[in-house]
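The values are calculated or read from the model by the stated rules, or taken from the named source; none is laboratory data. These numbers were taken from a predicted model, which means no experiment stands behind them. Using ideal geometry, Cβ is built from the backbone for each residue, glycine included, and neighbour counts are taken over all protein chains shown. For accessibility, only protein heavy atoms count, side chains too; no ligands or nucleic acids. Shrake-Rupley method; radii C 1.70, N 1.55, O 1.52, S 1.80 Å.
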Amino acid sequence: MSAGFRCPTCRTPWRGATVCPRCGSDLAAVMRVAHRAWELRETARVALGAADRVAEALGPAQAACRLHATPRGERLLALALFATGRTAPARAFIERAIARDPDADGSAADTAT
């Protein structure tokens with residue numbers, strides 16, 4: 001959850017504390033939202049991995065992106081969209097991701113997905 005996470009008040013990189021060491025903002029609520037988004041992405045991953053549950057992946061993937069969008073979370077949503085036959089919106093997510101970072105190959109570890 002720490003990759004790319006910053007204090008919403010002062011933009012200091014998150015250091016694993018519930019209170020920002022720079023400005024003193026309480027980050028507990030923000031951390032709960034990010035964690036819930038991670039849980040939803042995990043639910044979507046499990047559903048995508050089970051051949052008979054692919055349709056169940058879309059809702060959690062969409063909800064996770066609404067809560068806390070991450071590049072890998074958007075790719076997961078694109079996969080769920082493709083898997084459920086919604087190719088046009090999936091393509092839009094992929095094109096947007098490529099436009100943001102055309103060199104991204106997905107090989108870097110990202111625990112915030």
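Below, the figures for the structure above:
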| quantity | calculated |
| --- | --- |
| Selection from region 28-44 of residues that are under 22 Å from Ile98 (Cβ atoms) and without any contact (Cβ under 8 Å) to a residue 60 or more places away in the chain | Ala44 |
| Residue within region 25-41 that is among the acidic types (Asp, Glu), open to solvent by 40 Å² or more (accessible area, probe 1.4 Å) and part of a helix (DSSP H, G or I) present | yes |
| Hits in region 47-84 (condition: farther than 28 Å from Arg6 by Cα and open to solvent by 60 Å² or more (accessible area, probe 1.4 Å)) | Gly49, Ala51, Asp52, Arg53, Ala55, Glu56, Phe82 |
| Given (1) in a helix (DSSP H, G or I); (2) over 20 Å from Arg86 (Cα atoms); (3) charged (D, E, K, R), number of the condition Arg45 does not satisfy | (2) |
| Residue pairs meeting the criteria (Cβ under 7 Å; at least 6 apart or on separate chains; first part of a loop (DSSP other than H, G, I, E, B), in region 3-15; second open to solvent by 80 Å² or more (accessible area, probe 1.4 Å)) | Ala3/Thr111; Cys7/Arg22; Cys10/Arg22; Thr12/Arg6; Thr12/Arg22; Trp14/Arg6; Arg15/Pro21 |
| Subset of region 85-110 [open to solvent by 90 Å² or more (accessible area, probe 1.4 Å), at pLDDT 85 or above and not in a helix (DSSP H, G or I)] | Arg86 |
